[in-house]
Amino acid sequence: MNKPLMDRYKTFDFVRKPVKPGELDVSHKTILYLEDVSVSFDGFKALNNLSLYIDNGELRCLIGPNGAGKTTLMDVITGKTKPDSGSVFFGQTIDLLEMDEPAIAQAGICRKFQKPSVFENLSVFENLELAMKADKGAWPALFARLNGEHRDRIEEVLTTIGLTEHSAQQAGILSHGQKQWLEIGMLLMQEPKVMLVDEPVAGMTHQEIDRTAELLLSLQGKHSIVVVEHDMEFVRSIARKVTVLHEGSVLTEGTMDEVQNDPRVIQVYLGD
Ligand SMILES: Nc1ncnc2c1ncn2[C@@H]1O[C@H](COP(=O)(O)OP(=O)(O)O)[C@@H](O)[C@H]1O
Ligand SMILES: [Mg+2]
């Protein structure tokens with residue numbers, strides 16, 4: 001269906017309302033399927049027949065020179081950009097191309113942008129509380145008392161992100177690294193299945209980078225995580241399987257050693 005026609009149909013409720021997705025089916029171990037995905041901007045192919053598969057619970061690193069298509073790839077998964085062709089599935093049955101951005105987020109795919117965006121005037125605890133209530137669609141109940149279960153969940157996330165001792169502290173006075181962890185915590189409150197994390201360690205101190213590596217490693221298994229990062233030392237410290245993007249396609253995949261010794265990868269980075 002062409003774009004103007006599609007837009008016209010969107011004014012009808014039956015099309016605009018996202019199809020209620022079925023249960024996530026990861027019985028084949030794969031949680032994200034991207035097949036032959038292409039995205040063009042004015043004729044330029046930002047993604048070019050890209051195929052990529054993410055296993056349930058895996059921690060995948062995505063690298064590639066500037067302009068390789070990393071951000072566009074995340075935009076496609078989260079529904080911000082719809083591809084010209086190809087297919088994108090969440091588990092066996094959920095077609096992400098039929099869903100809009102809020103529906104995809106609701107289904108459990110969340111994204112951490114580079115810049116931390118926490119509520120500076122609220123405490124660390126309140127930030128997590130808010131993230132949980134926003135997720136539950138409970139804005140009217142924002143100032144209602146938390147039940148024990150919710151409180152436990154916040155405590156658990158505080159432990160995971162290493163900010164238990166800063167729970168009552170105003171978020172605005174946290175260090176840059178601590179803000180990033182808090183934002184990861186806010187995503188965790190929504191119990192996402194997939195987390196897309198864009199350049200998490202940019203601007204962090206060495207200590208903060210090490211702590212972030214530990215944090216991401218502790219999340220794998222429970223969540224599937226795709227990390228885009230330029231800091232190769234950091235990538236090496238967390239890498240399991242690494243995917244190298246180049247000119248909108250997957251150039252190669254493998255362990256950090258495999259991809260770093262691949263002559264095509266060396267070529268691409270030298271030519272960058
Ligand atoms: N909205 C857009 N309009 C036009 N070109 C774009 C747009 N978004 C990305 N591009 C182009 O697509 C290519 C891939 O961009 P991007 O996905 O941001 O790469 P990366 O994140 O790997 O640096 C780049 O050449 C970029 O200039
Ligand atoms: Mg980018």
- Item | Cα centroid of segment 39-84 to Cα centroid of segment 192-214, whole Å | 20
- Here the percent of antiparallel bridges among DSSP beta bridges lying wholly in the chain, to the nearest 5, is 55
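Take the alpha carbon gyration tensor of the chain, find the square roots of its eigenvalues, order them as a ≥ b ≥ c, and report rounded if a/c is under 1.5; if not, report prolate when a/b exceeds b/c, else oblate. Could the numbers behind the result be given before it?
Details: a/c = 1.90, a/b = 1.15, b/c = 1.65.
Here the chain falls in the oblate category.
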- Stretch in the chain that is longest and holds no GluC sites (Glu not before Pro) that DSSP places in a loop and that have at most 16 other beta carbons within 10 Å: 121-246
- Task: Averaging sequence separations of C-alpha pairs under 8 Å and six or more residues apart, then dividing by the length of segment 108-239, give the relative contact order as a whole percent.
- Result: 34
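For the chain, which span is the longest to avoid every loop-located (per DSSP) member of chymotrypsin sites (Phe, Trp or Tyr not before Pro) having at most 11 other Cβ atoms inside 10 Å?
In short, 13-142.
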- Query: In 5 Å bins starting at 0, how do the alpha-carbon pair distances of segment 108-239 split up by percent?
  - Reply: 2, 11, 21, 24, 21, 12, 6, 2, 1
- Flagged links, alpha-carbon separation over 28 Å, of 45/179; 112/241; 70/222; 45/112; 70/133; 115/222: 45/179; 70/133
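Bear in mind that the values in this text are calculations on the coordinates, not laboratory data. This one's a predicted model, so the numbers in the text were calculated from it and none came from an experiment. Cβ coordinates were reconstructed from backbone atoms using ideal geometry, including for glycine residues, and neighbour counts include every protein chain displayed.
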